[in-house]
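Novice: My structure is below; once you've seen it, I'll send some questions.
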């Protein structure tokens, strides 16, 4: 009986203590204990630690990895991208394919110099050619828009390869002084034999190369334009010496 009485008294004591604690918490005198859901579970094993880290930071890790991959690709592309010393615009009313313009670039490279100092001579031929009677008006307009953007502001593209019809077109869109310096230099047999391809044969006859006029144009104050102009003029002179 004594044991039962002691247990009852102990339960009554605990009940009074809990009641007093509850009153204190309600009045703000005592801070309420955290809820079970608010109690932090500290991971102990390596797997638990990894699972907790991944749960907390998986989106951060995913974003960092994605950015790292993109930067690596961009850096690789920049490092391996060909740096051209000079640009040549190929504009004719007979469409040329990449294999043919690549051969033209190789031909011009024989007379060009390493302007950017990277140890190699690389010339880019920008193809603006199209077949005038193909009926593909959209493609023709695309090429002409591309051509006009080059004329408007590309100081690295001072050399133009044209046929008779395309040269007249360019002369017609310029002011009274003309877009080029003098008449185009006609290519000789050396050019046609070098640029001949197995798949497409010779380029059309009557092609000529011209240098853009720089003075009193929008290109006059462009960076390094004098250097490019000197190089372009020198290339034409070297080709002229072959004829």
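Novice: Please order 82, 142 by the number of other Cβ within 10 Å, starting at the fewest.
Specialist: Least crowded to most crowded, the residues run 82, 142.
Novice: Also: Using only the C-alpha atoms of the range 86-240, find the volume of their convex hull and express it per residue in Å³.
Specialist: Residue-normalised Cα hull volume stands at 113 Å³.
Novice: With each label point set 7 Å from Cα along the Cα-Cβ vector, what nm distance links residue 132 and residue 82?
Specialist: So the label points at residue 132 and residue 82 sit 3.0 nm apart.
Novice: By counting other Cβ atoms within 10 Å of each Cβ, how are 210, 193 ranked from fewest to most?
Specialist: Fewest-to-most Cβ neighbours within 10 Å comes out as 193, 210.
Novice: Next question, about the same structure. For the residue pair residue 139 and residue 242, what label-to-label distance in nm results when each label sits 7 Å from Cα along the Cα-to-beta-carbon direction?
Specialist: The two pseudo-label positions are separated by 2.9 nm.
Novice: Sticking with this one: Points 7 angstrom from Cα along the Cβ direction at residue 56 and residue 168: gap in nanometres?
Specialist: 7.8 nm
We did not get these values from a lab; they are worked out from the coordinates using the rules stated. Because the structure is a prediction, the values reported are computed rather than measured. Heads up, the Cβs are rebuilt from the backbone with ideal geometry, glycines too, and the neighbour counts pull from every protein chain shown.
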